[in-house]
Every structure is written in C-alpha cells, then in structure tokens.
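Remarks on the structure that follows.
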Amino acid sequence: MKKLLLILICCMGVMLCHGQFTRPDYNAIKKAISNPKSEFYYPKLLERYYAGDTTFTTKESHYLYYGYVFQKEYDPYDMSDLELRKHLRELPSVSDDDCRELIAMAQEVLKKNPFKVSAFRTILYCCDQLDSTELATKCSWMQRNFAIAIIESGNGKEPSSAFYVNEVEHEYFLLSLFDLTPGGQSLQVINNERYDVMEVDENDYKIEKLYFNLKSFSIK
C-alpha cells in the first residue's frame, strides 16, 4: 500500500504542477468500450482488471473506470457492501477464520461493483492479518488502476479542473490516499453541472477545498 501511495503522490504532483488532465469524453468512451474490435472493449478490460493485470496503460485505466458507468450494474449510490459492513459491525473481534469469511464476502461485492473501496479495504486488512501478500498486492494494484484514472481527470482545485468520480465513496478514497481530512461537504450546481465540494483541513498541499464532478451520476 505504501508503494501505491508513493506512485499516486507522484501523479498528483504532476497534475498539480502542469495541469495535464484527461477528462472523460463519455460519448467516445461508450463507443469504444462497446466495440468488440476495440482495444478498449469493456469485457476484455474488466477481465484483465479482475486478474490483477499490472500492464494497464493509463488510457486503458481511463476507459475501464469511466466505461463502467455504461454497464447495467452501475449505480452511483451502490450499496452492495451493506451485508459486508453489517457483518463487520457484529464481530466483537476478527479472527483468522473471520478474515477468510470477510475476504470471500468482499470478493462477492467486487463482482457486483469492481471499484468498491470498502471491499478492498476489508480484503487488505484481512490479508495483513493472514499475511496473504499475493492477494494484497493484487488488490493494491486494482485500486491503483482506477485511482490513477481519477487523479488524471483533474486536480480538484476549481470546477473547470474537478476530479471526475463514479460514486461519492471515491471522493473519500482519494482524500485518504493523500492524508487529507474532510470537513464540510456541499452539493453545488455550476454551469448546469453538479459538483460535490469538499472542504479539507489544513494540509501540506495548501488545499482548502476540492471539487468533484458528478456528471456520471446522471448519464444512464
């Protein structure tokens, strides 16, 4: 996870300094991921992602993450992890056997939502307890895959350079990666587009708030 964080911090630095963003062109993405002859054909991208393929290019990661909004399973308010969260709350402590059960439950969640942060968090926690480095490494790379896509979409400093996210949970995921503590949150409509505006506590980046574009929430 530390390696993941270092890679993402380097990417964040590039984005903040040079403003080289790759905003999603949803029409182009939909066309490419629907074409079986395209290098971005979605079933193939998703198969590689689930296999933990570390050879993804940043462009492939972009099509994978933002192409998900055109899949029938996509729901920006997805609650497929409810049973997992409930099970975690009911455990007085987490034994090795509990961890194996939790990993199985989290993997089922990821079959429904391949970018569900709570499922990854559960797996990584349990892998640490079970000393299962192979699965932990795979899940870390899977998270890196879609985190890179979000980071490359903007720098969050203002609406015109907002991060594009597929669900609110990914806003908090991004904040946690860079040790940013969220403050107040508000929904704003700017130039007919919806944004989550997240205030953050004092930090090394000198950032006071971040903008997250919610266009994907209303595409389907």
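Readers should treat all values here as calculations from the given coordinates under stated rules, not as data from a laboratory. Not measured: the values here are computed from a predicted model. Cβ sites come from the backbone with ideal geometry, for glycine too, and all protein chains shown count toward neighbours.
Observations on the model:
- Neighbourhood net charge (15 Å Cβ-Cβ; Lys/Arg +1, Asp/Glu -1) for residue 211: -1
- Whichever lysines have a C-alpha closer than 20 Å to that of residue 86, once near sequence neighbours (fewer than 8 apart) are set aside: 111, 112, 116
- Span-like helix ranges in the chain, DSSP H, alpha carbon extent 27 angstrom or more, Kyte mean at least -0.5: 133-152
- Translational diffusion of the range 89-220, µm² s⁻¹ [Kirkwood Rh, Cα pairs; Stokes-Einstein; 25 °C; 0.890 mPa s]: 151
- Peptides 35-48, 181-194 ordered by average Cβ neighbours within 10 Å, highest first: 35-48, 181-194
- Among (1) 48, 41, 28; (2) 61, 42, 29; (3) 51, 48, 29, the entry that matches Cα extents along the principal axes in Å as calculated here: (3)
- By average C-beta atoms within 10 angstrom, highest first, the peptides 73-79, 168-174, 201-207: 168-174, 73-79, 201-207
- Within straight-line reach of residue 59, meaning a Cα separation under 17 Å, sit the following aspartates and glutamates at least 8 residues removed in sequence or on another chain: 25, 39, 47, 152.
- Annotation: lysines with alpha-carbon distance below 19 angstrom to residue 206 (same-chain offsets under eight excluded): 157.
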